[in-house]
Amino acid sequence: MSFADLGLSDKVLQAVTTAGYTEPTPIQAQAIPHVLARRDVLGIAQTGTGKTAAFTLPMLTMLETGRARARMPRTLILEPTRELAAQVEENFERYGTNHKLNVALIIGGVSFADQDAKLTRGTDVLIATPGRLLDHFERGKLLLTGVELLVIDEADRMLDMGFIPDIERIVKMVPFTRQTLFFSATMPPEIERLADMFLHNPQRVEVARPASTATTIEQRLVATGAEGHEKRKVLRQLIRSASELQNGIIFCNRKRDVAQLQRSLTSHGFNAAALHGDMDQRARMAALDGFRSGEVPLLVASDVAARGLDIPAVSHVFNFDVPHHPEDYVHRIGRTGRAGRSGQAFTLASRTDERSLSAIESLIGQPIAWLDGDLSTVSDEVEGDEPRRRRGSRRAKETSGGESAKSTGRSTETSAAPASESPRRENRSRGGRRPAAERSRAEAPRREPVREPEPVSPPPPREPAREPARNAPERARGERRPPRRDEDGDTPVGLGSHVPAFLLKPTGFGKSK
């Protein structure tokens, strides 16, 4: 089957031929006719199978008629990351050379003013990340009532990044009569629920088993018993010994590990760049451009580079950390072995990763072979405990040295000094090794020291007794006041005999008139 059999327009076919493509991929061959028929499509395919062109090419054909209005885009494509959104824009520029369409990219890290200017001119294709799209909507700069086609790409990644509430909110803003295309590499139950909510009688297109890996990728596990320094050493050995290494992506779970590993590789003579979510947009695009052009052969990245990035010539993928979610493993190693090419994927694993490895093998439906021995060949020790062990051994050496010095000094003093001096000298040697001057004096013949009388410190001056306050009762502080008694010696009841005079005055109540 060729692209001409799919019903695409002549302008699109010409652009595809110019790009060098002759036959569509399975996902493209099955999805494009349904998209052109204005049906909702649920596309499931492993990464690297051409899902982007599966909705880009029919959209270009459908947009040849009609005109965009200001602030009302005709089509909307939602992407989880800035890199994916920029890549979709590149696809429209490549295949839309014969079209005069306005394409706007709405992502974070870019000036609002430039994006507002594009929206004001009118947009045929709006490519956006959910957060920045909602920012423009809340500012009153965007209306979604004119959207005819909605594309939700990498839906499982949207779920992992917590964008599903934003997606649900955006879907409520677009017309109910829209056409919806829903693409994902995996289909967990949450994604199936969303598909049922967003799609109306969709055509399901599934060209590969969900979460399967390409057969062109050679997968290997590398046992490592430590983290940090030892783990980075194992990675460097892998990179140096890798056969036919043209370039490679190294994945870490945490952003701070990305920066640390990139600095470590650079200090050991490797040409590596970093890519993670905390970098500004200009630095992220510079790192990607350097890796694509071949200027930088190694890219240390977080999972921001694991989804949908189209870099066909990646020869190796190194998982410095075993991913927490097994689906991320499929996306990571999917960066290599694309478009029928062969690739190699290595995953560094320790004993703490056994549960994650089991989940990955259960998801992909096959075991992953070990490179040079499994986890039984490595120790249980973690590198984080090594400094404590070294410090402990150092303390042990110092303690043993102190004990030997103490025992040596004790034997010398016992043989050469009187018994009355031994306790004092033993206490002096109890703190560890003695200074060289003391050791030389200890080795020299000892004479009976002349004891000088210790000076007797005068007793501290006594504080002058405080005089009691005037009119104060003569009793110790804190002593309970004795109960007051009447003149006859009995314990008083109520006010006793000390009744105030104003209470004794007669009142007029009770007198007869």
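Extending 7 Å from the Cα toward the beta-carbon at both HIS324 and ASN201 defines two label points whose distance is 4.2 nm.
Okay, which of segment 30-58 sit inside 16 Å, backbone N to the point 7 Å along the Cα-Cβ direction of GLU23? The answer is 30, 49-50, whose backbone nitrogens lie closer than 16 Å to the label point. Listing GLU79, GLU93 from fewest to most neighbouring C-beta atoms within 10 Å gives GLU93, GLU79. Remark: C-alpha extents of segment 36-86 on the principal axes read 36, 29, 15 Å, sorted largest to smallest. As a proxy for reagent exposure, ranking LYS505, LYS51, LYS231 by other Cβ atoms within 10 Å from fewest up yields LYS505, LYS231, LYS51.
Would you kindly calculate the mean projected area, averaged across all directions, of the convex hull enclosing the Cα atoms of segment 1-150, in square nanometres?
Its average projected convex-hull area is 8.6 nm².
For segment 217-381, the C-alpha radius of gyration sits at 0.97 times the compact-globule guess of 2.2 N^0.38 Å, with N the residue count. Take the Cα of ARG69, step 7 Å toward its Cβ, do the same at ARG256, and the gap between the two points is 5.2 nm. Extension gain, GLN237 to GLU190, is 12.9 nm, computed as 0.36 nm per intervening residue step minus the present C-alpha separation. To the nearest 0.05, how large is the calculated FRET efficiency for PHE137 and ASP372 if R₀ is 41 Å and r is the Cβ-Cβ distance? Efficiency, from the Cβ-Cβ distance: 0.15. I need the shape label for segment 222-306. Rule: rounded when a/c is under 1.5, else prolate if a/b > b/c, else oblate, with a, b, c from the alpha carbon gyration tensor. In terms of gyration-tensor shape, oblate. Full extension of the chain between THR507 and GLU361 gives 42.3 nm of extra length, using 0.36 nm per residue less the Cα-Cα distance. Site pair THR266 and ARG341 shows an inter-label distance of 2.6 nm when each label is modelled 7 Å from Cα along Cα→Cβ. Measuring r between the beta carbons of ARG220 and ASP289 and using R0 = 30 Å, the FRET efficiency lands at 0.50. The stretch between VAL110 and MET1, if pulled fully straight at 0.36 nm per residue, gains 35.1 nm over its current Cα-Cα span.
No lab work stands behind these numbers, since they all come straight from the coordinates. Just so you know, these numbers come straight off a predicted model, no measurement behind them. Note that we place each Cβ from the backbone using ideal geometry, even for glycine, and neighbour counts take in every protein chain shown.
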